[in-house]
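The structure appears right after this line, and notes come after that.
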Amino acid sequence: MEKKHIDATLVFLTLALVIFWLVMMSSVSVYWSNSLTEKLVNRGILEESNNYYYLIRHIKSIFIGVVALVVMTKIPYRFLEQHAKHIFWACFILLLSVLFIWEEYNGAKWWLNIPWIPSIQPVEFMKIGLVIVLAYFIKKKRHLLDDFFDGFVPFFFLAGSVFLLLILQPDFWSILILAPVVIALYFVGGGNSKYLAISIGISLLGAMTVYGIGKIEIQNSEWKNTNPLSYISQRVDNFIRDNKELIEKPNPDGKDYQTKQGLIAIGSGGFFGLGFGKSIQKFGYLPEVQWDFIFSVITEELGFVGAFVVIMFYLLIVYRGFLIARSVKDPFAQYVAFGITMIIFVQAGINMWVNLNIVPLTGVTLPFVSYGGSSLLSMLMCVGILLSISRHREYRPQKITDIFSSERRVTL
């Protein structure tokens, strides 16, 4: 008999992160809210400036996201299985539309601009759609997954079609999130290890090719480099520099400014931090901290202790996700739960590593914490799907090693 209760621990962990960031937003967004609203006043869009622009918008996003979480919790995962192809194609068309009707922000064309509705970032929902269709594929073709033409090629063709659209935007940072998720799904589904090694090798070769192309200067009539991939090579070059050199001898072009200020914020926090609301970097030094560099300000205000607590929350969410995946018998539910948990794990890890300059600057948001309606909505939808699957748990692993103890071809 199926259990009907959801994973209450996962609900608590998720809402704790959301509420935590809501409190932090009231502090870190004041400067940038005032700066933005002053510009809107000068353009005649607003009557007066205020310090709560981002906070109010974030509260609205939380409300929409929580409603979406509840709705996804009520939708049986079998509905997602029945409509896996439709969900994928709907997300695919949205992502394709970005190439024709986009809204540009800071040079990126990742947002879909549709009249009368807020701008959305389709790739955030494509992450969910891709996991669902790949889980559906694995369940249907599990016995053929280690075959090159019947398993490996169509599996990576699905993922490759999404990657191609992201390359055309260009949005290589989303590929950085999705590639490990796709490879992990192929592995746990029972894919051929030899083909898996080949796919990893191709991915590395592709990354080096993109870096090499980005190093080529394409100058226009004004002698400016117009190579659309140059920003990638610049960020990689900044990354491979020594952190001390990066802070003491910044590049004249200012391309490493954000990374430098992030490291200063983390270093200033020390063990216990400067105290809540006492960040210095949020006052214009660290650009728009409510997005991808929020972890640096969290560390500056709350120190190593606060950062450690945040990291533990993410690890516990990931643990609950893997626990749910291991506790259901249906292969589709297993792979969806695993894939969604991997998205949260990889995205959170990349964001924190960027703040620590362990990986190049990417613009990847911190799940449940960074400002951004599409990101928050998609992450809460992911949790809603996990909670829906958790209703169908049939047994509970007794320890964490049991999550990964079974045969790779059957379960996780």
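For Trp111, the amide hydrogen comes within under 5 Å of the amide hydrogens of Glu103, counting only partners 5 or more places away or on other chains and with H modelled in the peptide plane.
Each of Arg43, Arg393, Arg235 has some number of other Cβ atoms within 10 Å of its Cβ, and from fewest to most they run Arg43, Arg393, Arg235. Label-to-label distance, Val67 versus Ile358, with points set 7 angstrom from Cα along the beta-carbon direction: 3.8 nm.
For the cross-link pairs Lys139/Lys194; Lys85/Lys329; Lys39/Lys127; Lys127/Lys329, which exceed 26 Å when the distance is taken from alpha carbon to alpha carbon? From the list (Lys139/Lys194; Lys85/Lys329; Lys39/Lys127; Lys127/Lys329), the Cα-Cα distance tops 26 Å for Lys39/Lys127. The length gained by stretching the chain between Ala8 and Phe187 to full extension, at 0.36 nm per residue less their Cα-Cα distance, is 61.5 nm.
A short reminder: the numbers here are calculations on the coordinates, not readings from a lab. No experiment lies behind these values; they were computed from the predicted model shown. Glycine gets a Cβ as well: all are built from the backbone with ideal geometry, and neighbour counts include every protein chain shown.
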